[in-house]
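Asker: I'd like to ask some things about the structure below.
We did not get these values from a lab; they are worked out from the coordinates using the rules stated. Bear in mind the structure is a predicted one, so any value in this text is a computation, not a measurement. Positions of Cβ are backbone-derived with ideal geometry, glycine not excepted, and every protein chain shown enters the neighbour counts.
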Protein chains: 2
Amino acid sequence: MSLDDVTYTRGMGRWEPDASGRLREAALDLYVERGYERTTVAEIADRAGLTARTFFRYFADKREVLFAGSADLQEGLVSALAGAPAAASPMDAVAVALDAAAAWLGGRHAYSRRRYAVIAANAELRERELIKLASLASALADGLRRRGVPDPQAGLAAETGIAVLRVAFAEWRDEAVERPLAEVMRASLADLTTLTAAAAG
Amino acid sequence: MSLDDVTYTRGMGRWEPDASGRLREAALDLYVERGYERTTVAEIADRAGLTARTFFRYFADKREVLFAGSADLQEGLVSALAGAPAAASPMDAVAVALDAAAAWLGGRHAYSRRRYAVIAANAELRERELIKLASLASALADGLRRRGVPDPQAGLAAETGIAVLRVAFAEWRDEAVERPLAEVMRASLADLTTLTAAAAG
């Protein structure tokens, strides 16, 4: 490749096939290898065979590479909730939303495990994860209100749904033998029903 | 008061009756009046009639004034859980812990409303609140495991318990006419049982 080619590639913003996916993989590789704190955007771009300029076309900073797609996940959850049958109970509608989340999150087992190891090792990233989950719960509660579920039931069903998502996702992620995430989530919802039914109230 | 008195007061660290409570009230007053960001530790101490040095004897920084006592709350929750009857179901044990939380949190309605207004207005404080709640959930899950509750039920009951605490506390806090917080929490737990029972699973 001549210098002209490089100039052309960088200067014209040539389309790179799956640049976003390559940057995400490169970032995670580097975070696992040398730690999140010690990795720079320039190094991530370099590992992906791209430029820092391309990096910033997709991500605001090196933290957001790990949270890319959480807006899509939230949108997916909320539209699945809206699409649940009108007669569905609040928790059944939440279960439909969790199925959509499982379809979205459940395809990348190895990636999820490696991503979690990076996040667990860094306080700032753990906080960011909590914020994203709180935002999911809040969007789910709003969606339930739009379905006519009153408060406090809407908030309660949403917070509970996200609790199930967290616990089931962690269980799925930490199992050596991968099960379908949707199955783990459904089992977790059933566990919750059993747990609450066994409460004297 | 002479300069000697002041020197004596500051230099010898004279005991101040309820210095911690006075600092907390002064801090909240100032945060409500002029905003969290624009308030300094010196101003808080001054409003409380104390010195900055006394402030730092009680709190690490101006943020922690708002979260003082969360370690006590966590300890209270965990020991209530440990003290629940051995035969209690996981959610009944969580209900006992929530009663303890209600006793601890439920006595300061006006304070809670004002504190929430300050926290809601600041992203850093909202994050801090999420972290404290995640820490409560994690401590509760550990306590359930010590009671012999296996995973994933321990994590699920704990996360669900904290979801109930959040929703019930917010409901209680936002009601103009104060009800006993323990009553709101029990009603919220009963709502949860109804919600999950109505799920097809």
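Asker: What percent of all Cα-Cα pairs in the protein assembly as shown falls into each 20 Å bin, going from 0 up to the bin containing the maximum distance?
Answerer: Going from the shortest bin to the longest, the percentages are 23, 49, 24, 4, 0.
Asker: If I take every Cα pair under 8 Å that is 6 or more residues apart in the range B:109-201, average their sequence separation and divide by the length, what percent do I get for the relative contact order?
Answerer: Contact order relative to length: 23 percent.
Asker: Please compute the contact order of chain B in relative form: average sequence separation of alpha-carbon pairs under 8 Å and at least six residues apart, divided by the residue count, as a percent.
Answerer: 19 percent
Asker: Set the Förster distance to 35 Å, then compute FRET efficiency between A:GLU183 and A:ASP46 from the Cβ-Cβ distance, nearest 0.05. Don't jump to the answer; show the numbers that get you there.
Answerer: On the way: r = 40 Å, r/R0 = 1.14.
E(calc), rounded to 0.05, equals 0.30.
Asker: Excluding residues fewer than 8 places away in the same chain, name every one of the lysines whose C-alpha is closer than 17 Å to that of B:LYS62.
Answerer: Result set, ordered by chain and number: B:LYS132.
Asker: Can you give me the P(r) profile for chain A? Cα pairs, bins 10 angstrom wide beginning at 0, each as a whole percent.
Answerer: Spelled out bin by bin, chain A gives 8, 29, 29, 20, 10, 3, 1, 0 percent.
Asker: So how much slack lies between A:GLU75 and A:TYR116, counting 0.36 nm per residue of separation and subtracting their Cα-Cα distance, in nm?
Answerer: Details: separation 41, 0.36 × 41 = 14.76 nm, distance 2.22 nm.
Net length gain for the segment: 12.5 nm.
Asker: Give me the Kirkwood hydrodynamic radius of the range A:105-153 in Å, from all C-alpha pairs, to one decimal place?
Answerer: Taking the inverse mean of 1/r over all distinct Cα pairs, the range A:105-153 comes out at 12.8 Å.
Asker: Along the Cα→Cβ direction, 7 angstrom out, place labels at A:SER138 and B:ARG146. What is the inter-label distance in nm?
Answerer: Roughly 3.4 nm, to one decimal.
Asker: The range A:22-48 to the range B:142-193: how many Å between their Cα centroids?
Answerer: Rounded to whole Å, the Cα centres lie 40 Å apart.
Asker: Where does chain A land at 222 nm, in deg cm²/dmol rounded to the nearest 500, when only DSSP H runs of n ≥ 4 count, each adding -39500 (n - 2.57), divided by all residues?
Answerer: -23500 deg cm²/dmol
Asker: Could you tell me which of B:LEU189, B:ALA26, B:GLY161 has its Cα farthest along the dipole of chain B towards the positive end, charges placed at Cβ (Lys, Arg +1; Asp, Glu -1), taken about the Cα centre?
Answerer: B:ALA26
Asker: Here is a follow-up. Going highest first, how would you order B:169-178, A:98-107, B:91-100, B:47-56 by mean Cβ packing within 10 Å?
Answerer: Values: B:169-178: 15.0, A:98-107: 19.6, B:91-100: 23.6, B:47-56: 17.4.
Descending packing order for the listed peptides: B:91-100, A:98-107, B:47-56, B:169-178.
Asker: Next question, about the same structure. Kyte-Doolittle mean at least 0.0 and Cα extent at least 18 Å along the axis: which DSSP H helices of chain B qualify?
Answerer: The answer, listed by residue number, is B:70-83, B:90-105, B:153-174, B:181-197.
Asker: May I ask for the Kirkwood hydrodynamic radius of the range A:16-129, worked out over all distinct Cα pairs and given in angstroms to one decimal?
Answerer: After inverting the pairwise mean of 1/r, the radius is 15.5 Å.
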